[in-house]
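Working notes, beginning with the structure itself.
No value in this document is a laboratory result; all are computed from the given coordinates. Since we're looking at a predicted model, the values are computed, not measured. Here Cβ is always computed from backbone atoms with ideal geometry, including for glycine, and neighbour counts include all displayed protein chains.
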Amino acid sequence: MRRYRRPHRSRSHWWGDGEVDSAVSTGTRPPVRVGHEQLMALIDHTSAVIYMRDVDGRYLLVNREYERLFNLHREDIVGLTDHDLFEAPIADEFRANDLAAIARGVPLQVEEQAPAEDGLHTYVTVKFPLHDAGGHAYAICGISTDITARKRAEEEVRRLNDELELRVRQRTAELEASTRELDAFAYSVSHDLRAPLRSLEGFSQVLLEDYAGDLDEDAQGYLRRIQANTGRMAQMIDDLLHLSRATRTQLHRERTDLSALAREVAAEVAATEPARTVGWEIADGLVASGDPHLIRLVLQNLLGNAWKFTANVDHPVITVGIRPQSGIDVFEVRDNGAGFDMAYADKMFDPFQRLHSAAEFEGTGIGLAIVHRIVTRHGGRIVAEGAVGQGAAFRFSLTPAPADWELR
Amino acid sequence: MTERPILLVEDNPDDVLLTVRAFTKNRIRNEVVVAIDGEQALQRLLPADGEPLRPALILLDIKLPKIDGLEVLRRIRDHERTRNLPVVVLTTSNEERDIVASYRLGANSFVRKPVVFEEFVSAVNTLGIYWLLVNEPAPSG
């Protein structure tokens, strides 16, 4: 290496054989002559692999990186062909690319592979022929840059992508399978579990109608208890089905007029007990991006609850409004009804959790689980706020929010 | 009321009893012919030989042994002789797919059996009034 390192300006003794290969003009200074040794120094100090072969494929010259890479001395290589140095398939490819570059007469860029200590390395190679005065190619030069690291990184990215895709496909298949199972389960529940209830209810009624004379007050009371519980169980089955439907139906997000939906649902709820008067305050212009069928279910449950829990209040008021938080729309359903103990605020979204006795307020405890499921499926969040005797408020979003965003 | 029978396609004997009772309570006096699966229903409606049943109304359950209700409905609508018969799907399910499939196959109505018997009696009453009294059947039906 040292023998090529000559002072830049020195003009003495630095072209060994006196042969002048080229001259570089340096403006006002006299031209600097660049000779064979200087050019060798240049090609020996690159990380690229550089070589020159004659048209028959015999090596004329290799650079130091070539020597290092294949652990050979240049004196031993000159005169050999690639077929002496590499296995046939690799040598064949090199030769084919050489001939292609000679045929084209202009630089050719190809990707080649050559063996290294840790397996095959990939190179981007530029090959170009040298022509004599008559225009005949007499040699072929090659400059090969090792792109193995990049190739391996690309390969790794591709492998990881494939793996990820495979995993996504597996998970999707698993999810689809479990959804199908849930679907089959829900379907058979809806068919098979209700039929026996109809018998229990129906034949209790038959007894009450046809054998009333044989049954005393107590016996008739027991039959009514059977009927009441049968009806309750039928309601629970229906609610469970709603919960499962909220999970398995496809979500079709669209621009949804929440104000209009809320008014519709409020009218439906109010129609269940026409004798009651409730002050509805539903804000105008509430618009959400979500599945209108599922949002309707949310409102049915929240407004239904608000209606139910304001039954014993003098001036019941139910409001539906919006309270944006950090740019995210948060909708609110608020009432001034029975309220609840905040200690149970987290529990109330679990299926079958009830904070009131059946004697106080009817219910199966599924409604808020359905609401929670739907809000979650939209990527949103929901919180409940309340105090015993001071009403309740439910606030929910329907769009995904940053992880550090907290619904208040 | 029309004298033609009602074909009740129902595999659950309890439901048969309760349905017949609901007819009685509503003073629907048409003969009730019961088929306990889809195959029997089709044999009554489209017999290989013998007189076919020509009911005023078919009450059809969906979940049935052998041939299910939707297939029975498809064959009823496929056949010239039974094409115009009024079919009310009377079933336990209110699954959307069952409702959609029933109407696509040409059901005239879809009714979910209520659990509470009194509600069921009232539903049967409505069905009876409409299909046996109000509705004018197709001449060929």
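Rounded to the nearest 20 debye, what is the charge dipole size of region A:252-408 about its Cα centre when +1 sits on each Lys and Arg Cβ and -1 on each Asp and Glu Cβ?
Here region A:252-408 has a charge dipole of around 280 debye.
Straight-line reach only, C-alpha to C-alpha below 14 angstrom: list the aspartates and glutamates that B:K25 could link to, leaving out same-chain residues fewer than 8 apart.
Partners found: A:E209, A:D210, B:E118, B:E119.
Report relative contact order for chain A in percent, whole number only (criteria: Cα-Cα under 8 Å, sequence separation at least 6).
Relative contact order, chain A: 8 percent.
Find the relative contact order for region B:32-120 and round it to a whole percent, using C-alpha pairs within less than 8 Å whose residues are 6+ positions apart.
Once normalised by length, the contact order is 25 percent.
Where a ≥ b ≥ c are the square roots of the eigenvalues of the C-alpha gyration tensor, would you call chain B rounded, which needs a/c under 1.5, or, failing that, prolate if a/b is larger than b/c, or oblate?
On the way: a/c = 1.38, a/b = 1.14, b/c = 1.21.
Note, shape of chain B comes out rounded.
Determine, for A:I140, B:I99, A:I77, B:I129, the number of other Cβ atoms within 10 Å of each Cβ, and report the residues in order from fewest to most. Don't skip to the end; give the middle numbers.
Details: A:I140 25, B:I99 17, A:I77 20, B:I129 14.
Fewest to most other Cβ atoms nearby, the residues stand as B:I129, B:I99, A:I77, A:I140.
With angles folded into 0 to 90 degrees, how steeply does helix A:217-248 sit against the dominant principal axis of chain A? Use alpha carbons for both and round to 10.
Taking the Cα atoms of chain A, the angle to A:217-248 is about 20 degrees.
Sequence-distant or interchain residues sharing an amide H contact under 5 Å with A:V32, placed H: which?
A:V24, A:T26
Among the GluC sites (Glu not before Pro) in region A:305-378, which ones are in a DSSP loop with at most 14 other Cβ atoms within 10 Å of the Cβ? Mind listing them?
A:E360, A:E362
With a cut-off of at most 13 other beta carbons within 10 Å, and DSSP calling the residue loop, which chymotrypsin sites (Phe, Trp or Tyr not before Pro) in region A:108-196 qualify? Please list them.
Here no loop site has a sparse enough neighbourhood.
Could you calculate the contour length gain from A:A153 to A:Q220, that is, 0.36 nm times the residue separation minus the distance between their Cα atoms, to one decimal place in nm?
Extra length from A:A153 to A:Q220 when fully extended: 16.1 nm.
To test your reading of the geometry: what angle, between 0 and 90 degrees and rounded to tens, separates the Cα axis of helix A:148-188 from the longest principal axis of chain A?
Tilt relative to chain A: about 20 degrees.
Tell me the net charge near A:S144. Cut-off is 12 Å between Cβ atoms, A:S144 excluded, with +1 for each Lys or Arg and -1 for each Asp or Glu.
Net of charged neighbours comes to -3.
Between region A:227-301 and region B:29-89, what's the alpha-carbon centroid distance in Å?
38 Å
Kindly provide the helix-only [θ] at 222 nm of chain B, computed as the sum of -39,500 (n - 2.57) over DSSP H runs of four or more divided by all residues, to the nearest 500 deg cm²/dmol?
Helix-only estimate at 222 nm: -11000 deg cm²/dmol.
If I build a Gaussian network model for chain A, linking alpha-carbon pairs within less than 10 angstrom, which residue out of A:A186, A:A369, A:A149 has the largest mean-square fluctuation?
Of the options given, A:A149 has the highest mean-square fluctuation.
Rounded to the nearest 20 debye, what is the charge dipole size of the protein assembly as shown about its Cα centre when +1 sits on each Lys and Arg Cβ and -1 on each Asp and Glu Cβ?
The calculation lands at about 1400 debye.
Taking θ as phi - 60°, what are the ³J(HN,Hα) couplings along region B:40-55 by the Karplus curve (6.51, -1.76, 1.60), each to the nearest whole Hz, with x for Gly and Pro?
4, 4, 5, 5, 6, 7, 10, x, 5, 9, x, 7, x, 6, 10, x
Rounded to the nearest 5, what % of DSSP beta bridges with both residues in the protein assembly as shown are antiparallel?
Around 75 percent of the beta bridges assigned by DSSP in the protein assembly as shown are antiparallel ones.
Using amide H atoms built in the peptide plane, which far-off residues or other-chain residues are under 5 Å from A:G337 H to H?
Under 5 Å from the amide H of A:G337: A:G391, A:A392.
I need the phi-derived Karplus couplings for region B:98-104: 6.51 cos²θ - 1.76 cosθ + 1.60, θ = phi - 60°, integer Hz, Gly and Pro marked x.
5, 5, 4, 5, 4, 5, 4
Determine the sum of side-chain charges near B:A107: Lys and Arg each +1, Asp and Glu each -1, restricted to other residues whose C-beta is under 11 angstrom from that of B:A107.
Numbers: positive: B:R74, B:R77, B:R104; negative: B:D98.
Local charge sum for B:A107: +2.
Give me the inter-chain shielding for A:232-244: mean count of other chain Cβ atoms within 10 Å, whole number please.
Rounded to a whole number, the mean comes out at 1.
At 222 nm, what helix-only mean residue ellipticity would chain A give, in deg cm²/dmol to the nearest 500, using -39500 (n - 2.57) for each DSSP H run of four or more?
Working: 11 runs with 174 residues, N = 408.
After summing the helix terms and dividing by residue count, I get -14000 deg cm²/dmol.
So, counting K/R as plus one and D/E as minus one, what does the shell of residues with Cβ under 13 Å around B:V116 add up to?
+2
State the answer as a single residue: which of A:L99, A:F349, B:N125 lies farthest towards the positive end of the charge dipole of the protein assembly as shown, with beta carbon charges of +1 for Lys and Arg and -1 for Asp and Glu, about the Cα centre.
A:L99
Determine by what factor the alpha-carbon radius of gyration of region A:167-263 differs from 2.2 N^0.38 Å, reporting the quotient.
Working: Rg = 21.0 Å, N = 97, 2.2 N^0.38 = 12.5 Å.
Relative to the rule-of-thumb radius for its length, region A:167-263 sits at 1.68.
For a footprinting-style exposure proxy, rank A:E67, B:E80 by other Cβ within 10 Å, fewest first.
Ascending Cβ contact count within 10 Å gives the list B:E80, A:E67.
For region A:327-334, just list the computed ³J(HN,Hα) in residue order, Karplus coefficients 6.51, -1.76 and 1.60, θ = phi - 60°, integers in Hz, with x standing in for Gly and Pro.
x, 9, 5, 10, 8, 9, 10, 10
Once you have a ≥ b ≥ c as the square roots of the Cα gyration tensor eigenvalues for the protein assembly as shown, tell me rounded if a/c is under 1.5, and otherwise prolate or oblate according to whether a/b is larger than b/c.
On the way: a/c = 4.42, a/b = 2.40, b/c = 1.84.
Cα axes put the protein assembly as shown in the prolate bin.
Checking the cross-link filter: which lysines have an alpha carbon closer than 28 Å to that of A:K347, excluding same-chain neighbours under 8 positions apart?
By straight Cα distance, A:K347 reaches A:K308.
On C-alpha positions alone, give me the angle between the axis of helix A:194-210 and the longest principal axis of chain A, in degrees, nearest 10.
Roughly 0 degrees between the two axes.
Calculate the length of the line joining the C-alpha centroid of region A:316-383 to that of region A:74-104, in whole Å.
After rounding, the separation between the Cα centres reads 78 Å.
Using DSSP to define loop residues, name the chymotrypsin sites (Phe, Trp or Tyr not before Pro) in region A:330-401 whose beta-carbon has at most 15 other beta-carbon atoms within 10 Å.
Sparse-neighbourhood loop chymotrypsin sites (Phe, Trp or Tyr not before Pro): A:F352.
So which lysines pass the test for B:K63, namely a Cα distance under 16 Å, with those fewer than 8 places away in the same chain ruled out?
B:K113
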